[in-house]
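One structure is given below, encoded as structure tokens.
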Amino acid sequence: MKGSMAADMIPSDVASVDREDVWKRRGILFIVSAPSGAGKTTLCKKLVASIPEIWHSISYTTRKPREGEINGREYYFVGEDTFQELLGSNEFLEHAHVYGNWYGTPRKALMDKLEQGVDVLLEIDVQGALQLKKKFEEAVFIFILPPSLEVLRERLLSRASDSQDVIQRRLQKVKEEMWSFREYSYIVRNDDLEQSLRELQSIFFAEQLRTIRLNMNWFEQNFILDRNPMPLEQNPSTTT
């Protein structure tokens, strides 16, 4: 387990071990999807704030920023011509056309982080997540559910930035996306923000501790290969 929260949970003599050597590995790709209005973005922001070692991948989009959104923080907001140029240059790991706008995950930055052993959090819609599932078998897929469809409808209606037509399309899309829940490793129902955050943190810490993530070379050097074998004691009854 990495991070200060993990270190606080183990004895000091164990914490003194170079844990980077223990868990040195390729980064884990965590993919989080949710219907519009389920609270995915708020949850992911809180998660990244609580686990600084996670790198939050930022996608490109052709949609206009909503109130309070900043270019380079929530998304890279670009025009359609720029998006199509990036797409033509194979700059995206996945891309999708959602609610009349394009979205794409930048390839190079994400792959570089994974190769450096950095865990990556990626927020994308179901369409994009299913594309990546074919490419990243080791990725961890997490689906965020709203408290209910009624609550979701109220949240979408409260968005002054979306037209009634867009809201209706989003609600219809929610029902379609719900059928994809079986494609995800974990389900988190976001009916209480703090509880949902704790559940999301638990998923991240558990995945970091899975046996398949272990640095097998470190394990073998420290626990399998006996570099200082102790001589076997003779049984007194067999000596002459």
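The values are calculated or read from the model by the stated rules, or taken from the named source; none is laboratory data. A quick note: this is a predicted structure, and the numbers were derived from the prediction, not measured. Glycine also receives a Cβ, built like all others from the backbone with ideal geometry; neighbour counts cover every protein chain displayed.
Any chance you could count how many residues in the range 167-198 are closer than 20 Å to Ser50 by Cα, crowded, with 17+ Cβ neighbours inside 10 Å and not aliphatic (A, V, I, L, M)? The total comes to 3.
Across the range 148-188, the qualifying residues are those that are acidic (Asp, Glu) and outside any loop (DSSP other than H, G, I, E, B), and the one among them that is farthest from the chain's Cα centre (by Cα) is Asp165.
Which of the residues that make up the range 61-110 are hydroxyl-bearing (Ser, Thr, Tyr) and not in a helix (DSSP H, G or I)? Even if it seems obvious, please write down each step before you answer.
Applying the first criterion (hydroxyl-bearing (Ser, Thr, Tyr)) to the range 61-110 yields 61-62, 75-76, 82, 89, 99, 103, 105.
Residues satisfying the conditions are Thr61, Thr62, Tyr75, Tyr76, Ser89, Tyr99, Tyr103, Thr105.
Selection of the range 118-147 for residues being surrounded by 13 or more Cβ atoms within 10 Å (Cβ to Cβ), within 14 Å of the chain's Cα centre (by Cα) and either within 18 Å of Asp192 (Cα to Cα) or without any contact (Cβ under 8 Å) to a residue 24 or more places away in the chain (or both) yields Ile142, Phe143, Ile144.
Taking the criterion of being at pLDDT 95 or above and of a type in the set (Ser, Thr, Tyr), the residues of the range 185-221 that qualify are Tyr186, Ser196, Ser202. Taking the range 45-63, which residues are in contact (Cβ under 8 Å) with a residue 24 or more places away in the chain and over 19 Å from Gly27 (Cβ atoms)? Residues satisfying the conditions are Lys46, Tyr60, Thr61, Thr62, Arg63. Residues of the range 25-43 include at least one that is part of a helix (DSSP H, G or I), surrounded by fewer than 21 Cβ atoms within 10 Å (Cβ to Cβ) and not acidic (Asp, Glu).
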